[in-house]
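One structure is given here, and the rest of the page talks about it.
The values are calculated or read from the model by the stated rules, or taken from the named source; none is laboratory data. Everything numeric in this text was worked out from a predicted model, so none of it was measured. When we count neighbours, we look across all protein chains shown, and the Cβ atoms used for this are built from the backbone with ideal geometry, even at glycine.
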Amino acid sequence: MIGGIVGLLALIWVYQTTTKANVTNGVVWVMICAAVYLASQFIMIGAANYIVESMRASEGGEAYERDLTSIGDRKNLGGFQGPKGMFMSVFFELFPPIAGFLLVAFIRTKFVLKEALNKSNLFSGIGDMFKSIKESFKNPDQK
């Protein structure tokens, strides 16, 4: 869910950038960024699942099997308890969308805008995107 929202915002950001920069093939760049974002999500989520399952299997030994009926069984949680477990859960949930967003930002800066890679160029236009989204919710009579 988080990845979908971040992906949608990233694609809106790229589209607004292409229209403001008068790029002739802006929709193609949006499709390229969508494909890169989805591919990165597929790879990163698969990698995160592999890491989580290997961590759980290492704690459960060779006989580790996922038992979905034992919800109250504390020994099957695989080390995802306490502050460390909470940090790992949040990290594995948020890392794929953030990595995908950074890839889209790289493509946008390097190939669409053809600018140097620095923090101000990489994330420029995000504030304008949120302002235009906010303006789109206003009634035309209020503008």
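Name the single residue, out of those in region 106-129 being over 19 Å from the mean Cα position of the chain (by Cα), surrounded by 15 or more Cβ atoms within 10 Å (Cβ to Cβ) and in a helix (DSSP H, G or I), that is modelled with the lowest pLDDT.
Asn121
Would you confirm, using the coordinates I've provided, whether Leu103 is within 20 Å of Leu8 (Cα to Cα), without any contact (Cβ under 8 Å) to a residue 60 or more places away in the chain, surrounded by 14 or more Cβ atoms within 10 Å (Cβ to Cβ) and touching a Ser or Thr at 6+ places or on another chain (Cβ under 6 Å)? It would help to see each step written out before you state the result.
Numbers: within 20 Å of Leu8 (Cα to Cα): yes; without any contact (Cβ under 8 Å) to a residue 60 or more places away in the chain: no; surrounded by 14 or more Cβ atoms within 10 Å (Cβ to Cβ): yes; touching a Ser or Thr at 6+ places or on another chain (Cβ under 6 Å): yes.
Considered against the rule, which asks whether it is within 20 Å of Leu8 (Cα to Cα), without any contact (Cβ under 8 Å) to a residue 60 or more places away in the chain, surrounded by 14 or more Cβ atoms within 10 Å (Cβ to Cβ) and touching a Ser or Thr at 6+ places or on another chain (Cβ under 6 Å), Leu103 comes out as no.
Of everything in region 111-143 that's in contact with a Phe, Trp or Tyr (Cβ under 9 Å, 6 or more places away or on another chain) and among the aliphatic types (A, V, I, L, M), which residue is nearest to Ile12 (Cα to Cα)?
Across region 111-143, the extreme among qualifying residues is Met129.
Does Ser132 qualify as being hydroxyl-bearing (Ser, Thr, Tyr) and touching a residue at least 24 places away in the same chain (Cβ under 8 Å)? Don't jump to the end; show me each part of the working.
Numbers: hydroxyl-bearing (Ser, Thr, Tyr): yes; touching a residue at least 24 places away in the same chain (Cβ under 8 Å): yes.
Judged against the criteria, Ser132 is a match.
Within region 24-37, restricting attention to residues that are in contact (Cβ under 8 Å) with a residue 40 or more places away in the chain and surrounded by fewer than 17 Cβ atoms within 10 Å (Cβ to Cβ), which residue is farthest from Pro96 (Cα to Cα)?
Here the residue is Ile32.
Being modelled with pLDDT under 90, closer than 25 Å to Ile2 by Cα and either touching a Ser or Thr at 6+ places or on another chain (Cβ under 6 Å) or surrounded by 10 or more Cβ atoms within 10 Å (Cβ to Cβ) (or both) is true for just one of Ser132, Ser89, Ser70. Which residue is that? It would help to see each step written out before you state the result.
Working: Ser132 fails: modelled with pLDDT under 90; Ser70 fails: closer than 25 Å to Ile2 by Cα.
When all the criteria are applied, what remains is Ser89.
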